[in-house]
Amino acid sequence: MIAKGTTHNNGVKLANYMTTGKEGERAELWELRGFEATNIKDAFRDVQIMADGTRCQQPFFHVQVRNREGEVLTRPQWEMAANRIERMLGLAGQPRAIAFHTDEKSGHEHMHIAWSRIDQDALKAIELPFFKDRLKKISRELELHFGLEPVTSAREGPIKYAPTRAQEEQARRLGVDIHETRDAIRAAWDRSDSGRSFEVALADQGLRLAQGERRDFIVIDRAGGMHALGKRILGVSAAEIRERMSDLDRNHLPSVQQARDSIHDVTQARRREPKAPTWDRDRDDRLWQDAVAKAAIEKEKTERQFVEPKRAREKGAGRREKVSPFMPPQAKPFRSVLGLSPTPPGKTTPRHLFEATAREATRPDPTPVMPENLKGISAHIWRAYNQSKDHRAFAAALDEHGIALAAVTKEEADRSHKVSSFAKEIGNFAPRYREGEIVAVTERGKVYQLTRRTTGDERADIERFLKPLDRKSLQGIEATKETLKARTEHRDIEVQAFRDLLRDTKNAERLRKAQTPGRQGRSRSGKRGNALDVVANAPIRAGGAALGTVAKVVEGIFSLLSPQLTPEQVRDGENAKAKREAEAELSTDFAKYTSGLAQERQAREQEREAERRLQRERERGGRER
């Protein structure tokens, strides 16, 4: 008998699982005891509401009990097992629900039990110390009581401890096999006798030894995951590990980030190296035999051509096509053999032939086409992702549109799960984020997930593209929103200050011109102008001769149709014209001003990147020495 238990924080999800089961299973709710509600979902929802008053985050305890294939228990025996487990864990009298899941193909049945941990009288959550050891103990007792075949509690293989939940989640997120990595670390430890040999054995498996912050030694796998050297993997104490690793200076080992960067550089270098062709002796032998046979056939055909015309003449005339004995058979064009398009006329030299072949062989892959339904911010994210060569270019392209990358924190992920579950119950939709997930945040506070819709790639490809990104340097969603909001306010203050400065400058210049005699209210010809004169002279001053001619024609036509403007109307027109010119100059000057600021920020970022690269090279040189 095997009994596994775990705590739960989502009652609705647990109720759905108990009443539906997995694919290929038939579920039956057998008992619902101690709840006021008669429906399991309503009962579990009441427990969650009660848990909010006790601040208990995981108010449910779920146990799954199953036997070996072929071992069958009656319902009273199952109920007896549930009661024994309940007393052993200290949950006697607590509300519980029991469900049975039956495999549709084999008919094998197992039991699921869910208890409420909330004590209704004291309004406190019941503690469950050492529940895993207690479940193992009660399983062995129930096997003896029911006459079942005992199940060993020890794990097979040299590693006696299972990976933790955090290690399993890390392996799932990075896409690596946690058991294969742990076995490789244990095998390297078993065949080494010192720290140096252990480090070399890890390097043979593509692993890297590093110094940890809370642990003495950390192993970094190929995907950048961390594995602490301890009893869970090596089966020895920390003192024994330090004794064997005494020949290594821990301060000379790389840090976790340095080890990850080293593994990433090695991986990228291996990807750029061309793969050596695999030699297949049988395939090469078949190709050689086919080539010899083909050459013999071509030789026979060529020799027969000197005989066929004579035989044709002996048989008599009437043959329409004759083969010349002086012209050998024409070989098939080289481009046709390769499956390429025919050589264009005039391009029959070997130089043109090989140039065209090289162009067709090295033609780049077509750029992916953005879906037509993408608009606005989603379209900006799609273009930035597909047109960027690495994660740095992607972040810079997003920053140009006022978009920043953020890493979802644990609190934000938990809150999104709760909000999404509540929205799903009332028929709405709310996004659900994963801890550590990288999202895009706009200046208006909207959050966009990097999915297939916004990037065109699957989740694994997106995570592989963003893996070199330093997630520690990223802020959470709420912190990123505050940063963008502060940056927007700072930019608005700069724009307003720049406008005030230009307005003061323009006012001073306009006052100086007004005080200069002989310029107020006069046109180029020395006569007082009108609004049409302003319209005609504007394109001439801008350098457009054609537009100036058209404006003069328009002025001549309208001068015949429109009356003479008053001095007040002329003055208003000149003021409006000066205002438009000032706004145009303001937009041009501010564009230059912002572009200068952007260039300064880019230069500072390049200097910091060069300093970081130089620091990494110095550290790498120190380790090599």
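Bear in mind that the values in this text are calculations on the coordinates, not laboratory data. Since the structure is predicted, the reported quantities are computational estimates derived from the model, not experimental observations. As a convention, Cβ positions derive from the backbone with ideal geometry for all residues, glycine included, and neighbour counts pool all protein chains shown.
Here are a few things to note about the model shown:
- Cβ-Cβ distance of Ser246 and His391, R₀ of 51 Å, FRET efficiency by 1/(1 + (r/R0)^6): the value works out to about 0.80.
- Dipole moment magnitude, nearest 20 debye, region 2-146 about Cα centre, only Lys, Arg, Asp, Glu C-beta charged: 400 debye
- Taking a Cβ cut-off of under 11 Å around Phe130, the surrounding Lys, Arg, Asp and Glu residues balance to a net charge of +2, with basic ones at +1 and acidic ones at -1.
- What separates the Cα centres of region 203-238 and region 9-65 is a distance of 39 Å.
- For region 431-484, the residue among Thr483, Pro431, Ser473 whose Cα projects farthest onto the positive side of the dipole built from Cβ charges is Pro431.
- Taking label points 7 Å from Cα along the Cα-to-Cβ direction, Gln257 and Arg452 give a separation of 3.5 nm.
- With 26 Å as the limit, the listed pairs Lys424/Lys467; Lys41/Lys136; Lys136/Lys424; Lys424/Lys472; Lys13/Lys132; Lys132/Lys160 have Lys424/Lys467; Lys41/Lys136; Lys136/Lys424; Lys424/Lys472 beyond it between alpha carbons.
- Full extension of the segment from Ala603 to Arg625, taken as 0.36 nm per residue of separation minus the current Cα-Cα distance, would add 4.6 nm.
- Counting every other Cβ atom within 10 Å of each residue's Cβ, Ile178, Ile85 order from fewest to most as Ile178, Ile85.
- Size of region 119-203 as Cα extents on the principal axes (Å, biggest first): 59, 38, 26
- By the count of other C-beta atoms within 10 Å, a proxy for reagent exposure, Val408, Val441 are ordered fewest to most as Val408, Val441.
- Dipole moment magnitude, nearest 20 debye, region 376-483 about Cα centre, only Lys, Arg, Asp, Glu C-beta charged: 220 debye
- Equivalent ellipsoid, region 376-483 (semi-axes from 5 times Cα gyration tensor eigenvalues, Å): 23, 15, 14
- Taking GluC sites (Glu not before Pro) across region 27-119, the ones in a DSSP loop with at most 12 further Cβ atoms lying within 10 angstrom of their Cβ are Glu36, Glu69, Glu104.
- Taken about its Cα centre, region 165-271 carries a charge dipole of about 300 debye when Lys and Arg each add +1 at the Cβ and Asp and Glu each add -1 at the Cβ.
- Full extension of the chain segment joining Glu400 with Gln475 gains 25.1 nm, where the gain is 0.36 nm per residue of separation less the Cα-Cα distance.
- Among the trypsin sites (Lys or Arg not before Pro) in region 44-145, those located in a DSSP loop and surrounded by at most 16 other Cβ atoms within 10 Å of their own Cβ are Arg55, Arg68, Lys105.
- Less than 5 angstrom separates the built amide H of Trp30 from those of Ile98, Ala99, Phe100, all sequence-distant by 5 or more or on a different chain.
- Straightening the chain between Arg140 and Arg26 buys 38.3 nm, computed as 0.36 nm per residue apart minus the Cα-Cα spacing.
- GluC sites (Glu not before Pro) restricted to DSSP loop in region 141-234 with at most 15 other C-beta within 10 Å: Glu156, Glu213
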